[in-house]
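Just below is one structure, and these are the notes that go with it.
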Amino acid sequence: MSEIELKFGIAPAAVAGVERALVRHGARSVGIESGYWDTPDRRLARADVSLRLRKAHGRWEQTVKAAGASPAERLEATVPRRAALAGVAPQPDLSLHAGTRAGHLVDKALARGNGAAAPLELVHTTRVRRRHLLVDAARSAIEVALDWGEIEAAGRSMPICEVEAELKHGDVADLIDFGRRSIDAHALWLSTIAKSTRGNRLASGSVQLASAVKATRPSFRAHADGSEVFRAAFRSCLEQVLANASIVASGAFDNDVVHQLRIGLRRMRTLWRELPDWRGTLASTWEAPAAQVFRSLGAYRDRRTVAAALRQPLADAGSPEPELRALPADAAVDPVAVVRSPAFQHALLDLLAFALARQDSSPRDDAPRAHVAGADDESPRAVTGRHLDKLHRRLARDAKRFVELSTLERHGVRKRLKRLRYLSELIASLYDKRPVARFLRALEPAQDELGHYIDLVVATRLARDRVDGGDARAWFNVGWLQAKEADAIKRCSAALRDVARAAPYW
């Protein structure tokens, strides 16, 4: 079966308030011990499948979980188990899932084509105290659980504390509304980091809860209409945004996680901007908070990544003070607070609500459907081709006059180039693979050159901040960086001319 569940992170200071609210409404408490199993080379984890043996209320059960149709959905198949000896945990029995979708996913991940027993080992164990309650919410029943305890793996442990809200039956809208009220009441934040993911990371010796999640290229049916194309591309963006936002909100992140979150947001905004006819019921309420987070994390990146990357070149050039960061400004952006902000968390719920909304019909995979691209009933290829062509032609004009443009206009050129790249990646499955790949490769040099140029612009601004702050030594940095900018502009212009000459695949 499929479960629909919202998982939330919770700050230590808010735990007591959540527990009081649950107890006040009659919540029960139970101790739960869960062992997670996998092969020594972690085949199940790589396939995003988990195999769990859990004991609660003195009874054992075996569960297989796998990815669902959205980040809030998971395939879950549970069967009761019985220990062979009293007080001894049972071993996994994969035959109990034979003939089911869960069993097929496990077999595929383990490559058990000959039916032989898979070599499995206990990877990590989770022990939590769960306070849980069934809540009536309008037309729905929602099971709310507060879990706190620890995960143990390879002789190490980490604390865990999270809130789960699972829709047992009813309307997804009620679950989303419950999530909004929980965020406002207890400063919770959405998290897609599963206990199995945390345990696998702990077993591997990682200090982070999860690693940065890169974009995946969506796929759709050969006869997909515009709505299907948009939804598949939308899910690809949402998975990247939610995964990296969860890591940042946890507080255990690195610069790559921030970078990938910004990429996910830019991809989402590109999809929203370039394919407006296929948005369906997706309202615009998410866009402004997402844009604010994107800008704030960009400022954070400038102070960290750009300044760090240019420190050594400046030192090699003889700078008396190669440090570009102005210390007071470093504290201006707190990525954790930015991502946990209620406005952004509500925006994420808006996006999840759209992902969970069911379309009116679910055609057979082999059944062609009428295109619904817009008033002219154009095919997805015709619509996307028109948008791609507009971006490509605009970049061709930019290439001819790039040297004469202002800094702000050049930044606009870079954003158009990114939109061309991201839109191409998001709708690539509509076209033949090789022409798309050739076109994307042709964009890479210009992307690199424009990225380098913008980094120099940012670095020059940071250097001027130091000068304005009274550090006369930073004038060396301003002069050196401006000289580098002039050369970078010429290289950008040449790379953009190559983009203009690239053969369109549409």
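A short reminder: the numbers here are calculations on the coordinates, not readings from a lab. Nothing here was measured: the structure is a model prediction, and the numbers come from that model. Because the Cβ atoms are built from the backbone with ideal geometry, glycine has one as well, and the counts that use them run over all protein chains shown.
Using a Förster distance of 60 angstrom, determine the FRET efficiency expected from the C-beta separation of Asp487 and Ala337, and round it to 0.05. Don't jump to the answer; show the numbers that get you there.
On the way: r = 39 Å, r/R0 = 0.64.
Between Asp487 and Ala337 the formula returns 0.95.
In this structure, Asp48 and Asn255 have a Cβ-Cβ separation that, at R0 = 25 Å, corresponds to a calculated FRET efficiency of about 0.50. What residues of region 78-111 lie in the reach of a label at Glu61, counting those whose backbone N is under 11 Å from a point 7 Å from the Cα along Cα→Cβ? Within reach of a label on Glu61: 78-81.
Region 215-273 and region 413-486 have their alpha-carbon centroids 21 Å apart.
State which helices in the chain qualify, where a helix is a whole DSSP H run, it must extend 20 Å or more along its own axis by its Cα atoms, and its mean Kyte-Doolittle hydropathy must be at least 0.5. Present the calculation step by step, with values, prior to reporting the outcome.
Details: long enough: 172-186 (21 Å, -0.03); 226-250 (36 Å, 0.61); 255-274 (28 Å, -0.78); 287-301 (21 Å, -0.14); 342-356 (21 Å, 1.33); 380-401 (32 Å, -1.36); 407-426 (28 Å, -1.03); 433-468 (51 Å, -0.34); 474-501 (41 Å, -0.12).
Those that pass (Cα extent of 20 Å or more, hydropathy at least 0.5) are 226-250, 342-356.
A simple spin-label model places the labels of Arg181 and Ala382 4.8 nm from each other, with each point 7 Å out along Cα-to-Cβ.
For the chain, the relative contact order comes to 13 percent (Cα pairs under 8 Å, sequence separation of at least 6).
Extension gain, Ser206-His223: 0.36 nm per intervening residue step, less the Cα-Cα distance, totals 1.8 nm.
Across the options Gly251, Gly35, Ile427, the greatest Cα extent toward the positive end of the charge dipole of the chain (unit charges at beta carbon of Lys, Arg, Asp, Glu) belongs to Ile427.
To the nearest 0.05, what FRET efficiency results for Leu408 and Ala173 with a Förster distance of 41 Å applied to their C-beta separation?
0.45
Taking label positions 7 Å along the Cα-Cβ direction at both His25 and Ala317, the computed distance is 5.9 nm, reported to one decimal. The residues neighbouring Lys55, those whose beta-carbon lies less than 11 Å from its own, together hold a net charge of +3 under the Lys/Arg +1, Asp/Glu -1 convention. Net charge dipole, region 257-309: roughly 240 debye, given to the nearest 20, about the Cα centre with Cβ charges of +1 for Lys and Arg and -1 for Asp and Glu.
Taking the Cα centre of the chain as origin and assigning +1 to Lys and Arg Cβ atoms and -1 to Asp and Glu Cβ atoms, the resulting dipole is close to 700 debye.
If the chain between Leu85 and Ala503 were fully stretched, how many nm would it gain, using 0.36 nm times the residue separation less the Cα-Cα distance?
Working: separation 418, 0.36 × 418 = 150.48 nm, distance 6.86 nm.
So the extension gain works out to 143.6 nm.
Taking amide hydrogens as placed 1.01 Å from N in the peptide plane, the amide H of Ile160 sits under 5 Å from those of Gly149, Glu150, Ile151, each at least 5 positions away in sequence or on another chain. Label-to-label distance, Arg394 versus Asp136, with points set 7 angstrom from Cα along the beta-carbon direction: 5.4 nm. Here's the picture: charge each Lys and Arg Cβ at +1 and each Asp and Glu Cβ at -1 in region 1-92, and of Ile10, Ser70, Pro80 the one pushed furthest to the positive end of that dipole is Pro80. Between the entries (i) 22, 52, 23, 3, 0; (ii) 19, 48, 28, 4, 0; (iii) 24, 60, 17, 0, the label attached to P(r) over Cα pairs in 20 Å bins from 0, in percent calculated for this structure is (ii).
How large is the dipole of region 204-340 about the Cα centre if only Lys and Arg carry +1 and Asp and Glu carry -1, each at its Cβ, rounded to the nearest 20 debye? Here region 204-340 has a charge dipole of around 340 debye.
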